[in-house]
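**Q** Please see the structure below; I have some questions.
The values are calculated or read from the model by the stated rules, or taken from the named source; none is laboratory data. Values in this document were obtained by computation on a predicted structure and should not be read as measured data. Positions of Cβ are backbone-derived with ideal geometry, glycine not excepted, and every protein chain shown enters the neighbour counts.
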Amino acid sequence: MPNSLLINLSLLTPEPTGIGTYAANLFPQLQQLEPTLLASQQIDNYNCYQIPETLSPNRGPKGQINRLLWTQFKLPQIYNTLQSSLIFSPIPEAPLHSKCRYIVTVHDLIPLRFPQKFSRLTAYFRYYIPQVLWQAEHIICDSEATAADVANFYQIPRQKMTAIPLACDNINFRYLDLPAKNYFLYTGRHDPYKNLERLIAAFASLPDRTNYELWLAGPPNAYTAQSIAQVKELGLQSSVKFLGYVAYSQLPVLMNQAIALVFPTLWEGFGLPILEAMACGTPVITSNLSSMPEVAGDAALLVNPYSIGEIARAMQTVARDSKVRSNLKKASLARANQFSWHKTGEATAKILQQHL
């Protein structure tokens, strides 16, 4: 049946980030299933069904409401019209209480692990997503850690889930053989669970701190002011740089020249910056919990992210010991080679094929 598989790309934007990057890299790997793409723009070499442009995340909260309404009321009509047998959604959104069969991907349950008062997102994860997951044919997760969270928070049987790791763009993120500079790098948002407070405190405690800088790359948000205030309080204004949003094309250079990527986050669905840094041959210091050990393997220094002392000692070790840096570089490049979008796509296609 030519339209038996629908891939829902309603979240795709011209400049995808995060989950959009996952969707954009994954659907080309599923071409052998001859899917119909639900997309707002025509995509060459695919059978596409045009949907409104007003559903994407770059439209803000209104875009999400539009997308949820479209998913609930319009998507079942499209499914019936095209005589489909399965929808694949790269996010955990699907029509509830309909005859649509679907498989979805869950990336993380961070809004439940770190709930915020009066957050629409927490309500979305608490009330909508569990209904979607209970009605799904199967659930794909970014990591075993995310699968465990889905089982624990929603009491969904573990056998209903498959953990399929992500990959990074190894054409963009690669070893560039550039001279190292004297900064530690963090990339990502400034949310509390990202643990910037302890990272900044760890940097402040380095005995030879004046030899180094800490660069924080990522778009500012409501929590950035707290980090700036902490930096001022500790007298670190000359050595901690807030870079703001860094263009995708500039990130590899930034990573290649760093002493290390320091990513002591308290929880991640996957932890893509770890893999991106490893693909550049950059030493990685990251957390010993959640999905980070799954991604890093034995190619990073794993620390307790709640221990400022452990984070600082790892930073000091990488900065001072050239042998450690060299070993981590080799291990990082080898580890990064184990991940690819082709592998992610193959594993995903296998799951979809079983349910078509």
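**Q** Give the residues of segment 242-265 that are of a type outside the set (F, W, Y) and within 17 Å of G297 (Cα to Cα), sorted by residue number.
**A** Step one: list which residues in segment 242-265 are of a type outside the set (F, W, Y), which gives 243-244, 246-247, 249-262, 264-265.
Scanning segment 242-265 gives A260, L261, V262, P264, T265.
**Q** Name every residue in segment 166-187 that is part of a loop (DSSP other than H, G, I, E, B) and buried (at least 19 other Cβ atoms within 10 Å of the Cβ), in order of residue number. If you could, list the steps in order and put the result at the bottom.
**A** From segment 166-187, those part of a loop (DSSP other than H, G, I, E, B) are 166-182; that's our starting set.
Hits for segment 166-187 are L166, A167, C168, F173.
**Q** Then there's this: Only one residue in Y154, Y186, Y223 is in contact (Cβ under 8 Å) with a residue 40 or more places away in the chain and touching a Leu at 6+ places or on another chain (Cβ under 9 Å), so which one is that? Please lay out each step first, then the result.
**A** Working: Y154 fails: in contact (Cβ under 8 Å) with a residue 40 or more places away in the chain; Y223 fails: in contact (Cβ under 8 Å) with a residue 40 or more places away in the chain.
Exactly one residue qualifies, and that residue is Y186.
**Q** Pick from segment 125-142 the residues that are touching a residue at least 40 places away in the same chain (Cβ under 8 Å) and part of a helix (DSSP H, G or I): which of them is farthest from T162 (Cα to Cα)?
**A** Y128
**Q** Looking only at residues in segment 99-124 that are in a loop (DSSP other than H, G, I, E, B) and at pLDDT 95 or above, which one is nearest to A349 (Cα to Cα)?
**A** Start the filter on segment 99-124 by keeping residues that are in a loop (DSSP other than H, G, I, E, B), which leaves 99-101, 107-109, 114-119.
Checking which are at pLDDT 95 or above leaves us with 100-101, 107-109.
Working: C100: 19, R101: 16, H107: 18, D108: 21, L109: 24 Å.
Within segment 99-124, the match that is nearest to A349 (Cα to Cα) is R101.
**Q** Here's something else I'd like to know. Would you call L302 at pLDDT below 95, hydrophobic (A, V, I, L, M, F, W, C) and assigned by TED's automatic domain parsing to the domain that holds P192?
**A** Values: at pLDDT below 95: no; hydrophobic (A, V, I, L, M, F, W, C): yes; assigned by TED's automatic domain parsing to the domain that holds P192: yes.
Judged against the criteria, L302 is not a match.
**Q** Give me a count of the residues in segment 305-329 that are under 19 Å from L272 (Cα atoms) and of a type outside the set (A, V, I, L, M).
**A** Looking only at that region, the number is 2.
**Q** Can P252 be described as closer than 27 Å to A145 by Cβ and surrounded by 17 or more Cβ atoms within 10 Å (Cβ to Cβ)?
**A** Here the answer is yes, as P252 does meet what is asked.
**Q** Quick check, is L302 of a type in the set (A, V, I, L, M, F, W, C) and surrounded by fewer than 22 Cβ atoms within 10 Å (Cβ to Cβ)? Show your work before the answer.
**A** On the way: of a type in the set (A, V, I, L, M, F, W, C): yes; surrounded by fewer than 22 Cβ atoms within 10 Å (Cβ to Cβ): yes.
Yes.
**Q** Among the candidates A222, A148, A201, single out the residue that is within 26 Å of D321 (Cβ to Cβ) and not in a strand (DSSP E or B). Talk me through it step by step, then tell me what you get.
**A** On the way: A222 fails: within 26 Å of D321 (Cβ to Cβ); A148 fails: within 26 Å of D321 (Cβ to Cβ).
None of the others qualify; the one that does is A201.
**Q** Name the one entry in M315, M292 that is modelled with pLDDT of 95 or more, crowded, with 24+ Cβ neighbours inside 10 Å and within 19 Å of T146 (Cα to Cα). Even if it seems obvious, please write down each step before you answer.
**A** On the way: M315 fails: within 19 Å of T146 (Cα to Cα).
Going through M315, M292 in turn, the sole match is M292.
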